[in-house]
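Asker: This is the structure, below, for whatever I ask next.
The values are calculated or read from the model by the stated rules, or taken from the named source; none is laboratory data. Bear in mind that the values here come from a model prediction, so they are computed numbers and not experimental data. Neighbour counts are summed over all protein chains in view; Cβ atoms, including those assigned to glycine, are modelled from backbone coordinates with ideal geometry. When the accessible area is computed, the model is the full protein with side chains, heavy atoms only, and any ligands, DNA or RNA have been set aside. Shrake-Rupley method; radii C 1.70, N 1.55, O 1.52, S 1.80 Å.
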Amino acid sequence: ITLFELARSPCFAIALKTATVLKVILNQIAPDQFPQIQDSARQQLSLLYQIFQAVDSRLKIQRNESAQLVGLMAEGNNESMKLISRIFPSGLMRILETPQVEKKKQSRNPLKRSTASNTQSESRIKLNWVEFFKAIGRDERKPTLLWNTDTRNEVIKAISDEIDRYEREKENNQETNKIWNHEEFSVDYETLNKELIIFDTYLGVILEQPDQLQLSKPSSYLYQCFHKLIMEENEDNRIRYLNVMSWCYRNYPEKIGYVSCYPNLIQLLSNYISNKQINTAGALLEFILSSFKDQRNVRTFINLNGVATAAELLEYTHCTGCSGTTIVC
């Protein structure tokens, strides 16, 4: 039996002690042997099991030990890091890059202080794995991260089911040196699949927290929203895309400037009005008006007979659901 297998022991004490021993070994092992050990940890499912422990263990000390052990098993190993990125959303993965907070605890024993210093300097962990797993235990609702009890339960169940499947197959093929096919494993979050997502940001949360997101490429973001808009069949979702497009242009008028898809926008406006999708037409008109900060957009709107098209909305001035802003427009 290997240390990797002992670390999966159902006995908490054995699993915890083995995790501690593995952490010491991985910190001390020669650099030329380290990638091979990391590959073995992944192939023997030890990495996935430690991820499971870091997320779901009832013992805080086990969660912390497993979090650091995951870092040692994965950090710097391309395949292992790709596996983790298939398990967790990108908003969580970015937490790994946040600076670690060093806890300065002075020991009264000079020998202990020296040992602690040496251990810290020899550690191969550079990414913030402890904070990463702490964040997994919290609820977050941000434009770049949507994480709660439902998503935690989904990842826990997916990992648990995969571990059980691996163990069953291993029992059924005892003569075979079972290697886990990690490339086929990923977590599909039903909770997040219900959200409208653009470049790893959640549109519903952006509309709730419009001041909590900074875009590095607002023009690309805007056109990606437009592309999703024209493919969308649900009217409520269309309105959300349009509302985010309006938010995007209002906040980045100089970076976006001229809107090249104006002919499509005018045609969409006409279609929405013809189909009596007045709320959607109003949301589109709001975006068009937000783009008027660039005079080139105003001229294009007029040249495409946009004024006459928008005027058709006046017929629906007293329609239920038409906003005051839309009527004025």
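Asker: Looking only at region 287-303, which residues are hydrophobic (A, V, I, L, M, F, W, C) and either at positive phi or buried (at least 16 other Cβ atoms within 10 Å of the Cβ) (or both)?
Answerer: Matches in region 287-303: F287, I288, L289, F301.
Asker: Looking at (1) hydrophobic (A, V, I, L, M, F, W, C); (2) at pLDDT 90 or above; (3) under 30 Å from Q33 (Cβ atoms), find the lone condition where I125 falls short.
Answerer: I125 satisfies every listed condition except (2).
Asker: Find the residue count for region 151-167, including only residues that are surrounded by 15 or more Cβ atoms within 10 Å (Cβ to Cβ) and of a type in the set (G, A, S).
Answerer: 1
Asker: Next up: Just checking, does region 110-117 include any residue being outside any helix (DSSP H, G or I), at pLDDT below 85, among the charged types (D, E, K, R) and more than 22 Å from V187 (Cα to Cα)?
Answerer: The answer is no, given that none of the residues of region 110-117 is outside any helix (DSSP H, G or I), at pLDDT below 85, among the charged types (D, E, K, R) and more than 22 Å from V187 (Cα to Cα).
Asker: Just to be sure I understand the filter: pairs with C-beta atoms under 7 Å, separated by 6 or more residues or on different chains, first member in region 248-269 and within 14 Å of R299 (Cα to Cα), second member of a type in the set (D, E, K, R) and open to solvent by less than 80 Å² (accessible area, probe 1.4 Å). Which pairs pass?
Answerer: G257/D294; Y258/D294
Asker: Also, quick follow-up: Hand me the list of helices (runs of 4 or more DSSP H) wholly inside region 169-284 holding 3 or more residues that are within 21 Å of P143 (Cβ to Cβ).
Answerer: It comes to 190-193, 203-208, 218-231, 235-251, 253-256.
Asker: Moving to a separate point now. Only residues that are outside any loop (DSSP other than H, G, I, E, B) and either open to solvent by 30 Å² or more (accessible area, probe 1.4 Å) or free of Cβ contacts under 8 Å to residues at least 12 places away in the same chain (or both): list them for region 304-315, please.
Answerer: V307, A308, A311, E312, L314, E315
Asker: Still on this structure, I have one more. Hey, among K194, K134, K228, K170, which residue is touching a helix residue (DSSP H, G or I) at 6+ places or on another chain (Cβ under 6 Å) and among the basic types (K, R)?
Answerer: K228
Yes or no, residue by residue, for (1) under 19 Å from the mean Cα position of the chain (by Cα); (2) charged (D, E, K, R):
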| position | (1), (2) |
| --- | --- |
| S160 | no, no |
| D164 | no, yes |
| E169 | no, yes |
| N172 | no, no |
| H182 | no, no |
| K217 | yes, yes |
| Y221 | yes, no |
| I230 | no, no |
| I239 | no, no |
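Asker: In the list E208, E254, which residue meets the criterion of being under 29 Å from the mean Cα position of the chain (by Cα), over 30 Å from D150 (Cβ atoms), of a type in the set (D, E, K, R) and exposed (fewer than 14 other Cβ atoms within 10 Å of the Cβ)?
Answerer: E254
Asker: So, one more: Looking at Y221, Y249, Y241, Y262, which is the one that is open to solvent by less than 20 Å² (accessible area, probe 1.4 Å), on the phi < 0 side of the Ramachandran plot and modelled with pLDDT under 95?
Answerer: Y262
Asker: Can you name the residue in region 142-154 that is out of contact with any helix residue (DSSP H, G or I) (no Cβ under 6 Å at 6 or more places or on another chain) and not in a helix (DSSP H, G or I) and, of all such residues, is farthest from K194 (Cα to Cα)?
Answerer: Ranking the candidates gives K142 first.
Asker: Could you grab me the full set of residues in region 178-236 that are of a type in the set (F, W, Y) and closer than 26 Å to E162 by Cα?
Answerer: W180, F185, Y189
Asker: Grab the helices (runs of 4 or more DSSP H) fully contained in region 1-93, keeping just those with 2 or more residues being more than 28 Å from D188 (Cα to Cα) and open to solvent by 20 Å² or more (accessible area, probe 1.4 Å).
Answerer: Where helices (runs of 4 or more DSSP H) fall fully within region 1-93 and carry at least 2 residues being more than 28 Å from D188 (Cα to Cα) and open to solvent by 20 Å² or more (accessible area, probe 1.4 Å), they are 3-6, 12-28, 34-43.
Asker: Step by step: first the residues of region 94-109, then only those that are in a helix (DSSP H, G or I) and of a type in the set (D, E, K, R), then the one that is modelled with the highest pLDDT. Which residue is that?
Answerer: Restricting to residues being in a helix (DSSP H, G or I) and of a type in the set (D, E, K, R), the top hit is R94.
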